[in-house]
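Following: one structure in structure tokens, then a few remarks.
Read the figures in this text as sums done on the coordinates, not as results from a lab. Not measured: the values here are computed from a predicted model. With ideal geometry, Cβ positions are generated from the backbone for all residues, glycine too; neighbour counts draw on all protein chains shown.
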Number of protein chains: 2
Amino acid sequence: MSDEIRRSMPLFPISIVKSLTDLSARQIRYYEEHDLVHPARSEGNRRLFSFNDVDRLLEIKALIEKGINLAGIKQVLSMQEAPENEPMNQEQVEEIHNDLSEKELRRMLQQELLTAGRHGKSSLRQGELSRFFH
Amino acid sequence: MSDEIRRSMPLFPISIVKSLTDLSARQIRYYEEHDLVHPARSEGNRRLFSFNDVDRLLEIKALIEKGINLAGIKQVLSMQEAPENEPMNQEQVEEIHNDLSEKELRRMLQQELLTAGRHGKSSLRQGELSRFFH
DNA sequence: TTTTTATGTAAGATTTCTTAACATCCCTTG
DNA sequence: CAAGGGATGTTAAGAAATCTTACATAAAAA
């Protein structure tokens, strides 16, 4: 409920998002230009990304790494947003299954990376996050 | 486990921390100058705050609003960091009790505001309290 | 009263971000 | 093969954010 609020709260400048996603600023801006993400803006017109935005960029990246082009990614993402419509054919079902497991992987990453909560220490550095994707 | 890593990961520029804590930049820098927080720095020397840092600033703010001066706050915070030392007298115990409830309130806010993760709500940590009660 | 504490404000330097343009490389497709 | 489009890199110029330092000040402490 208020999860959505937390997750959509504009928090991160592009520099942080770069390091979190391992995407270039150019890529991030390009994806925005093509309507794949919609970060908020500061008063001074700086991009401010939410957890959801970072999330989305990680999805995009995973799909890119699968060789899907931006048009395809846009399609996939739009399907995620409105998943309960007309009945689907087999291909679509598979697509969504893939997407969902992708999403679960993302969630694991998300948990690893961003979830609040305390205590314990293992060391996990940025490069290793890519082990969740290929 | 990797909680501590997430929570100590440098993510936020001072502008975001200002809005998250409702402290002025001057205050935040002043508290740093007096060793109450220790945000990381970017390559270009910009402050980068972690969730823990924000957390800490919210504690500081709550203590400030109670009328406690920086020396007192520093004391309180240091006690939180190394709580398992010499036995305490009654006043100290009460101080910590107050502090802990303060801390729990903060955590609730924190949960509301910043916690990632969609299902389930983690709540009180018995582990932390058990240090003081057994 | 004098000093200290906590904060505000201003100036000037530095860093980060923005958009826009042009370059490059790799696919398609005719 | 050549031409075109897609995705990304690179660079430039300017705007915005942040940094440190210094000075100002109200309230609290001494």
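What the table shows:
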quantity	calculated
Any hit, segment A:69-85, residues being of a type in the set (D, E), assigned to a helix (DSSP H, G or I) and over 26 Å from B:R47 (Cα atoms)	yes
So A:D55, is it among the charged types (D, E, K, R) and more than 14 Å from chain B (Cβ to nearest Cβ)	no
Every residue from segment B:1-27 that is within 14 Å of chain A (Cβ to nearest Cβ), free of Cβ contacts under 8 Å to residues at least 40 places away in the same chain and hydroxyl-bearing (S, T, Y)	B:S2, B:S15, B:S19
Test: residue in segment A:28-39 that is among the β-branched types (V, I, T), within 14 Å of chain B (Cβ to nearest Cβ) and touching a residue at least 24 places away in the same chain (Cβ under 8 Å)	no
Selection from segment A:1-12 of residues that are touching a Leu at 6+ places or on another chain (Cβ under 7 Å) and not in a helix (DSSP H, G or I)	A:P10, A:L11, A:F12
Selection count, segment B:5-15, where residues are touching a Ser or Thr at 6+ places or on another chain (Cβ under 9 Å) and within 15 Å of DNA strand C (Cβ to nearest atom)	5
Restricting segment A:2-35 to residues that are near DNA strand D (Cβ under 10 Å from one of its atoms) and crowded, with 19+ Cβ neighbours inside 10 Å, the residue that is nearest to B:K18 (Cα to Cα)	A:P13
Failed item in (1) within 11 Å of DNA strand C (Cβ to nearest atom); (2) within 19 Å of A:M9 (Cα to Cα); (3) not in a helix (DSSP H, G or I), with B:K18 passing the rest	(3)
Matching residues in segment A:36-54 - criterion: being surrounded by 17 or more Cβ atoms within 10 Å (Cβ to Cβ) and near DNA strand D (Cβ under 10 Å from one of its atoms)	A:L36, A:L48
Selected residue (criterion: farthest from DNA strand C (Cβ to nearest atom)) from residues of segment B:35-59 that are assigned to a loop (DSSP other than H, G, I, E, B) and in contact with a strand residue (DSSP E or B) (Cβ under 6 Å, 6 or more places away or on another chain)	B:P39
Check on B:R6, over 23 Å from B:G72 (Cα atoms) and of a type in the set (D, E, K, R)	yes
Qualifying positions in segment A:21-34 - touching a strand residue (DSSP E or B) at 6+ places or on another chain (Cβ under 9 Å) and closer than 19 Å to B:L11 by Cα	A:I28
